[in-house]
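Okay, so here's the structure we're looking at.
The values are calculated or read from the model by the stated rules, or taken from the named source; none is laboratory data. It should be emphasised that the depicted structure is a prediction, and the values quoted were computed from it without experimental measurement. When we count neighbours, we look across all protein chains shown, and the Cβ atoms used for this are built from the backbone with ideal geometry, even at glycine. Accessible surface areas use protein heavy atoms only, side chains included; no ligands, DNA or RNA. Shrake-Rupley method; radii C 1.70, N 1.55, O 1.52, S 1.80 Å.
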Amino acid sequence: QVPMNHITPNRRTAFLLLAVVSVILSTEAFQTSPITTKSIGRNPSCRFTSEHQTDSQASSSPSSSRSIVSLVENGNLDDALSMLQNVDGGGDSIPASTYHAVIEACCAGKVERHNNKKYNKNNSSNSNNNKSAMDKINEAADLLTAMGEEVTSHAYETLISGYARRERWQDAYRTLAALEEKFGSSDEKDNDVPSLNVYQTVLIAFVEAGEYDHMNSLLTRMRRRGVRPTVFTYNSLLKICAQTARWREAVSILSQCQREPGVNPDLVTFTSTIRACARARKTDKAMEIFRVVKDMGVKMDVYCYTTAMDACAKGRRWKVALSLLDEMKEKGIEPNEVS
């Protein structure tokens with residue numbers, strides 16, 4: 001050991017610095033917090049927090065999606081909507097299947113029907129008089145927009161169906177046009193989007209609203225896209241005409257069905273048209289169609305005969321009605337209570 005009085009001031013300073021460094025290196029805090037390239041320039045404790053958040057964000061999307069779907073399945077739609085909005089706003093990627101689940105729940109909820117002629121789209125989201133608190137169709141439309149480039153045809157189709165159920169044919173038609181624009185030109189003959197079922201949904205909405213011009217226009221447009229209506233399509237439209245006594249429109253639809261390539265009207269097609277005429281008390285037209293069916297050799301059933309008898313009853317042609325009843329029995333067709 002060298003006596004301190006023999007150490008020069010410079011050397012004494014150096015010894016003191018070495019002693020301080022030795023103490024620092026021996027502390028537990030320093031040993032448990034080694035300096036690495038990852039921690040340079042930031043607090044080591046913040047380094048763990050930041051990395052932990054990154055891992056959490058990487059796994060939060062699947063977890064959040066499962067939570068949202070679970071909320072929907074348990075009937076907590078409001079909570080699911082709120083959570084989806086928060087997750088989407090946080091920048092996480094939400095799979096299309098999660099959007100589908102929420103959109104389907106919104107469209108399938110309580111239906112608040114609207115009169116489209118008086119319905120103001122601009123006020124739809126602000127007026128409590130325009131929609132029920134439980135009707136989430138407008139939220140479904142917002143979610144469709146929120147999907148952005150990841151939007152799917154299924155999401156469009158679900159929203160179209162929801163609008164149709166609420167008699168909002170204008171919104172259904174507008175959404176259908178957006179679907180056509182998004183997934184292909186109207187001139188693409190081989191495009192299977194929109195599907196026939198989607199077109200049928202909008203066609204039925206038109207007929208229910210009495211918008212037959214729009215119906216004919218859409219029939220033309222779907223044919224141009226290579227989507228052909230079937231006998232089921234025409235029967236669905238004729239059923240509504242029969243329920244509303246729209247006999248002129250029914251006869252026109254029947255005529256289109258007969259001219260449609262590859263489509264053969266069946267007994268339901270003719271019976272629905274006869275029923276529309278009967279309800280409108282157009283006995284002559286009803287019986288004219290009935291005779292056409294007989295001449296075609298189509299096998300008649302109790303419903304067709306009963307509908308023709310109803311047309312006779314409304315036209316006070318009781319003798320003809322009785323003759324039809326006898327004819328039924330001769331052909332082995334058992335009359336029902338209505339007959």
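Assorted remarks:
- Of all positions in segment 237-247, none carries a residue that is more than 20 Å from the chain's Cα centre (by Cα), open to solvent by 10 Å² or more (accessible area, probe 1.4 Å) and closer than 29 Å to residue 148 by Cβ.
- Filtered residue count, segment 192-202, keeping only those that are farther than 10 Å from residue 169 by Cβ and either surrounded by fewer than 16 Cβ atoms within 10 Å (Cβ to Cβ) or of a type in the set (A, V, I, L, M, F, W, C) (or both): 6
- Any hit, segment 224-232, residues being charged (D, E, K, R), farther than 23 Å from residue 270 by Cα and either in a helix (DSSP H, G or I) or open to solvent by less than 10 Å² (accessible area, probe 1.4 Å) (or both): yes
- Unmet criterion (only one of (1) open to solvent by 30 Å² or more (accessible area, probe 1.4 Å); (2) under 24 Å from the mean Cα position of the chain (by Cα)) for residue 264: (2)
- Taking the criterion of being touching a residue at least 40 places away in the same chain (Cβ under 8 Å), small (Gly, Ala, Ser) and more than 22 Å from residue 94 (Cα to Cα), the residues of segment 134-178 that qualify are 161, 162, 164.
- Qualifying residue in segment 249-258 (condition: modelled with pLDDT of 95 or more, in a helix (DSSP H, G or I) and under 22 Å from the mean Cα position of the chain (by Cα)): no
- Residue count for segment 207-223 satisfying the condition of being assigned to a helix (DSSP H, G or I) and of a type in the set (Asp, Glu): 2.
- Counted residues, segment 273-285 - those being charged (D, E, K, R), crowded, with 20+ Cβ neighbours inside 10 Å and not in a helix (DSSP H, G or I): 1
- The residues in segment 286-309 that are farther than 21 Å from residue 253 by Cβ, among the hydroxyl-bearing types (Ser, Thr, Tyr) and open to solvent by 10 Å² or more (accessible area, probe 1.4 Å) can be counted, and the count is 1.
- Here is the figure for segment 273-319: residues that are basic (Lys, Arg) and in contact (Cβ under 8 Å) with a residue 24 or more places away in the chain total 8.
- Residues located in segment 93-109, provided they are among the polar types (S, T, N, Q) and assigned to a loop (DSSP other than H, G, I, E, B): 93
- Scanning segment 114-164 for residues that are open to solvent by 40 Å² or more (accessible area, probe 1.4 Å) and at pLDDT 60 or above yields 134, 139, 142, 145, 146, 149, 150, 154, 157, 161.
- The conditions of being assigned to a loop (DSSP other than H, G, I, E, B) and either closer than 21 Å to residue 247 by Cα or over 38 Å from the mean Cα position of the chain (by Cα) (or both) are met by residue 298.
- Annotation note: Cβ proximity below 7 Å between a residue of segment 236-247 that is farther than 11 Å from residue 212 by Cβ and a residue that is open to solvent by less than 20 Å² (accessible area, probe 1.4 Å) and among the hydroxyl-bearing types (Ser, Thr, Tyr) (sequence gap 6+ or interchain) occurs for 238/269; 238/272; 238/273; 239/272; 242/272.
- Test: residue in segment 313-321 that is in contact with a helix residue (DSSP H, G or I) (Cβ under 7 Å, 6 or more places away or on another chain), within 20 Å of residue 241 (Cβ to Cβ), modelled with pLDDT under 95 and outside any helix (DSSP H, G or I): yes
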